[in-house]
Number of protein chains: 4
Amino acid sequence: MPDFPPVDLNADLGEGFGAWRLGDDEALLDVVTSANVACGFHAGDPVIMRRTCEQAAQRGVTIGAQVGYRDLAGFGRRRMDVAADELAADVLYQLGALAAFAEAAGTGVAYVKPHGALYNTAVDDLVQAGAVAAAVATFDTALPLLALPGSALEHAAIRHGLPFVPEAFADRAYTPDGRLAPRHEPAALITDPAEAAAQALRIVHGHVTALGGDRVPVRARSICVHGDTPDAVRIARAVRAALDEAGIAVEPFTR
Amino acid sequence: MPDFPPVDLNADLGEGFGAWRLGDDEALLDVVTSANVACGFHAGDPVIMRRTCEQAAQRGVTIGAQVGYRDLAGFGRRRMDVAADELAADVLYQLGALAAFAEAAGTGVAYVKPHGALYNTAVDDLVQAGAVAAAVATFDTALPLLALPGSALEHAAIRHGLPFVPEAFADRAYTPDGRLAPRHEPAALITDPAEAAAQALRIVHGHVTALGGDRVPVRARSICVHGDTPDAVRIARAVRAALDEAGIAVEPFTR
Amino acid sequence: MPDFPPVDLNADLGEGFGAWRLGDDEALLDVVTSANVACGFHAGDPVIMRRTCEQAAQRGVTIGAQVGYRDLAGFGRRRMDVAADELAADVLYQLGALAAFAEAAGTGVAYVKPHGALYNTAVDDLVQAGAVAAAVATFDTALPLLALPGSALEHAAIRHGLPFVPEAFADRAYTPDGRLAPRHEPAALITDPAEAAAQALRIVHGHVTALGGDRVPVRARSICVHGDTPDAVRIARAVRAALDEAGIAVEPFTR
Amino acid sequence: MPDFPPVDLNADLGEGFGAWRLGDDEALLDVVTSANVACGFHAGDPVIMRRTCEQAAQRGVTIGAQVGYRDLAGFGRRRMDVAADELAADVLYQLGALAAFAEAAGTGVAYVKPHGALYNTAVDDLVQAGAVAAAVATFDTALPLLALPGSALEHAAIRHGLPFVPEAFADRAYTPDGRLAPRHEPAALITDPAEAAAQALRIVHGHVTALGGDRVPVRARSICVHGDTPDAVRIARAVRAALDEAGIAVEPFTR
């Protein structure tokens, strides 16, 4: 059996707000090695951020800043034409706020991953991708960006001297050209835990089976699992179990 | 002439939001030695926070975190019954966010001063005062709290091992028992620059002349001036000029 | 068997926001006769308000405006010292917004009930109670206020010429002096569906059994049930079933 | 001299928020015949909305709903990819809220004009334009939309059976193809009151002189003037004076 490098499992966490909850944070924190913690702009409030950082730190789960558009009503899922200097300031604000809680929990912010529409925009939009990278570089040039390989964000990370960590998705279907199938397409979402686990193993081997059946190469140091539904937690657990059983080391990509 | 210790001049800054401005930040930054920078909860947005920190740093003006209630619509001037753990988290969030901008500007957050209704509540309310102090101590136990001497916040600072810096007001009238005259009373606000300058000099000498004419002792290492009106900027300048002319060293209270 | 007047069942509805949900609106709408619909200040967004109004209208459930403080992060549960003119404007804004959706659904806003901390404040605070009543009277002097009998809000309703509808709580314990037992007390919340159903029947008979066992008179044309937990929906169903079985007409208090 | 039909003058009003003000509402209300009142999503709060409606009503100025994206931090000037059903709900919410204040002031909402990025998006985007028109038609099918002639919003108005009122700009330069010159171009903004007044007169005659000197036909029942700077108020006054002196009836387009 060839020796595979370790892989990280990341998920979005702390995405409630005030009286509202989303997903089962405790269940996910027992599965993942990296927690993308919402920072208050698309979700997350200070109480939730503090608790999520504490719970992650207690379990040795790495904390990343899940930065998003300032859009609570839209959960950060609506693209906004934010000017580069405004977006950079928004990202820096969120980073600083989360860092206070991560440090209070005895650790720190170890990476940054954009959320929702900002993530998608930063795949192609050099201006917004550049603003995110510039803000992160202002905060700490050693902080990795976690995002889609080949994205504008990867280019921006390189340009700003930031480490870049590519991720792949266990529970999303890929197109033959190696991109994510749009959410509205049938079969875009993988809802069977066994299938997601199989895709995670293929990702570790460096490829996925695209819609149509082609084998497509994929580059990932981290695998993203979702957690906002009971099914999603089951998927996350199946992915983790499959990786563990295959002898793949599931470890954070940060030191 | 006796030798007087140095005094600090502080003012609220960066209190715009989005398209809206409040006060003449540039004018005030040329007058004060400490800038209480709004952190986004009662006023201030990331773009304004970045610019205010940069402008303060350029002038060698010390940056403090002006933390407030989460109440943009009320400008943080309405008392809110926020539970201690929520308030502490809100304060820590604001502190972390501002620190990111202060550090990006080559400096850091050097003190904390509550804003508006939170300031007033923390005069008497041990729970809210304690929450503010607890949050600051979590962030950095060397960070001074700037507030009214004798307030619950002073007690809370001592209890949490934080330095406390007492302030007095050049442009507010005092009652014979040494408290601020309520804003709605006639003569509560000192609007004549010469009178404010005279009160600032009396403060340096350790007393004020209260409404009614009594001489009341006052303890202050910093003098607060307001800046949200054109008149207020004139007052601030008059206070600064009077202190300079009297040979009082106007310096930040922080190193 | 004496003939009892009809009673209304009311519950808070539409209290999600954006991606977040709270409670099982559909289940509750099948139980209650009056829906207190959140108006966007403490909870509720335009999409949720539209859907809640449509679902209520389809079932013939009466729509009331559940107005609250502008405090999404605190779910309107934190008392705020809002000035009377600001509070009246906030209430009128919420009323107008909800009316647009209620009318689009073919009906209208039929009553007003304050939410959370505003409800509690309006029990004793004549200024805030008066502001709520003034706003409602500005909107429509025929619109009833639904609240605690004997409260400042009842007085304010009378003063402003508004109908007042007293309510009682099936799932909250009462003190011997006829007030609600504070939430933090043990036994303050009635969690057993059978017990809540029994209390609802006693309310219809004009009394409750207070903590300690005293029989305390209570005046109510509407009974409030909660719905933000699975248990609460079971309680609501038990209350409704008990009233139906006892031959009590469960009807809205509005025409 | 030929007989010209009456023309309306409209301006954005009530665009402060909380402690913040923008523009000189009182000065503008003495100049215009139609007030585009902000509804709380991009600017405006309930207190400001109430006062603006009262002041407009006192002067006989017609009240229109200036609806915008939910983006206080961006003042509604950033395009957002809001889904049609969400946007329609947002617009209906704003309309209902403003109507409560307009009716309390003894009048009503007489038209709708989108603000900022929503205005610009609705020039070309049939989905968002359709959502705005659908919401307005739900509220009142007799309510005119005020916007750029030839825009997607005009088409949407027609499709939903709404009256459409075309407007032109006294203080914006036009391109030879009859569109507004982009703001970032030199000479895009007309800052000389005399020049703006001359352009207003040309608009009444059915044309403007485009950048480059071509005479371009323009269709307008209302002329928009801005008011967010002291200069802009001078421009508005010059436009009004020129129209008055030319004997043009300056009247609302609504009854």
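The values are calculated or read from the model by the stated rules, or taken from the named source; none is laboratory data. What you see is a predicted model, and the numbers here were worked out from it, not measured in a lab. Every residue, glycine as well, gets a Cβ built from its backbone with ideal geometry; the counts of neighbours run over all protein chains shown. Just so you know, the surface numbers come from the protein's heavy atoms only, side chains and all, with ligands and any DNA or RNA stripped out. Shrake-Rupley method; radii C 1.70, N 1.55, O 1.52, S 1.80 Å.
Placing a label point 7 Å from the Cα of C:P186 along the Cα-to-Cβ direction, the distances to the matching points in the other copies come to 5.9, 5.9, 8.1 nm, shortest first. For C:Q66, the residues whose amide H sits under 5 Å from its own are C:V37, C:A38, C:C39, C:K113, ignoring neighbours fewer than 5 places away on the same chain, with H placed 1.01 Å from N. The residue in chain A that lies nearest, by its beta carbon, to the axis linking chain A with chain D is given here with the distance in whole angstrom as A:M80, 3. Sorted from shortest to longest, the distances between the D:P6 label points of this copy and the other copies are 4.9, 6.8, 7.7 nm, with each point 7 Å from Cα along the line through the beta carbon. Counting heavy atoms of the protein chains alone, C:T33 has an accessible area of about 10 Å² for a 1.4 Å probe. Computed across the range D:27-139, the Kirkwood radius stands at 13.9 Å (inverse of mean 1/r, all Cα pairs).
Just the number, please: percent antiparallel of the DSSP beta bridges in chain D, rounded to the nearest 5. Don't skip to the answer; put the middle values down first.
Details: 6 of 31 bridges.
Around 20 percent of the beta bridges assigned by DSSP in chain D are antiparallel ones.
Note on A:A83 and A:R234: with the Förster distance fixed at 41 Å, the Cβ-Cβ geometry gives a FRET efficiency of about 0.50. Using a simple spin-label model with pseudo-atoms 7 Å out from Cα toward Cβ, C:D244 and D:E26 lie 6.2 nm apart. D:Y119 exposes around 20 Å² of accessible area when a 1.4 Å probe is run over every protein chain in place.
Comparing A:A134, A:A142, A:A99 in a Gaussian network model of chain A, where Cα atoms under 10 Å apart are tied by springs, the biggest mean-square fluctuation is seen for A:A142. Structural descriptor for the range B:1-108: relative contact order 25 percent, calculated from alpha carbon pairs under 8 angstrom and at least 6 residues apart.
Largest first, how would A:H42, B:H226, C:H184 line up by accessible area (1.4 Å probe)?
The most accessible residue leads, giving C:H184, B:H226, A:H42.
When chain B is modelled as a GNM with alpha-carbon springs shorter than 10 Å, which of B:R172, B:R215, B:R234 fluctuates the most? In the Gaussian network model the winner is B:R215. Note that chain D, at 10 °C in a medium of 1.306 mPa s, gets a Stokes-Einstein diffusion coefficient of 88 µm²/s from its Kirkwood radius over C-alpha pairs. Hey, if you drop one equal point scatterer on each alpha-carbon of the range C:16-58 and run the Debye formula without solvent, what base-10 log of I(q)/I(0) do you get at q = 0.14, 0.18 Å⁻¹? Taking Cα atoms of the range C:16-58 as identical point scatterers yields -0.28, -0.47.
Would you please report the Å³ per residue occupied by the convex hull of the alpha carbon atoms in the protein assembly as shown? If you can, show how the numbers build up before the last one.
On the way: hull volume 201.4 nm³, N = 1020.
Hull volume over Cα atoms, normalised by residue count, gives 197 Å³.
Using heavy atoms of the protein chains and a probe of 1.4 Å, the accessible area assigned to A:R59 is about 80 Å².
Based on Cα contacts under 8 Å between residues 6+ apart, the range D:127-255 shows a relative contact order of 21 percent.
Amide H contacts under 5 Å for C:H207: C:V218, restricted to partners 5 or more places along the chain or on a different chain, H placed in the peptide plane at 1.01 Å from N. Computing FRET efficiency as 1/(1 + (r/R0)^6) for A:A142 and C:R219, where r is the C-beta to C-beta distance and R0 is 60 Å, gives about 0.35.
Annotation: amide H-H contacts under 5 Å for B:A249 (H modelled 1.01 Å from N, sequence separation of 5 or more, or interchain): B:V7.
Take each complete run of DSSP H in chain B, measure how far its Cα atoms stretch along the helix's own axis, and keep only those covering 15 Å or more with mean Kyte-Doolittle hydropathy at least 1.6; list them.
Numbers: long enough: B:46-58 (18 Å, -0.39); B:84-104 (30 Å, 0.83); B:126-139 (19 Å, 1.81); B:193-204 (17 Å, 0.70); B:230-245 (23 Å, 0.01).
Qualifying helices: B:126-139.
Could you work out which residue, out of A:S34, A:S222, A:S151, moves most in a Gaussian network model of chain A, that is, has the largest mean-square fluctuation with Cα springs under 10 Å? Of A:S34, A:S222, A:S151, the Gaussian network model singles out A:S151 as fluctuating most.
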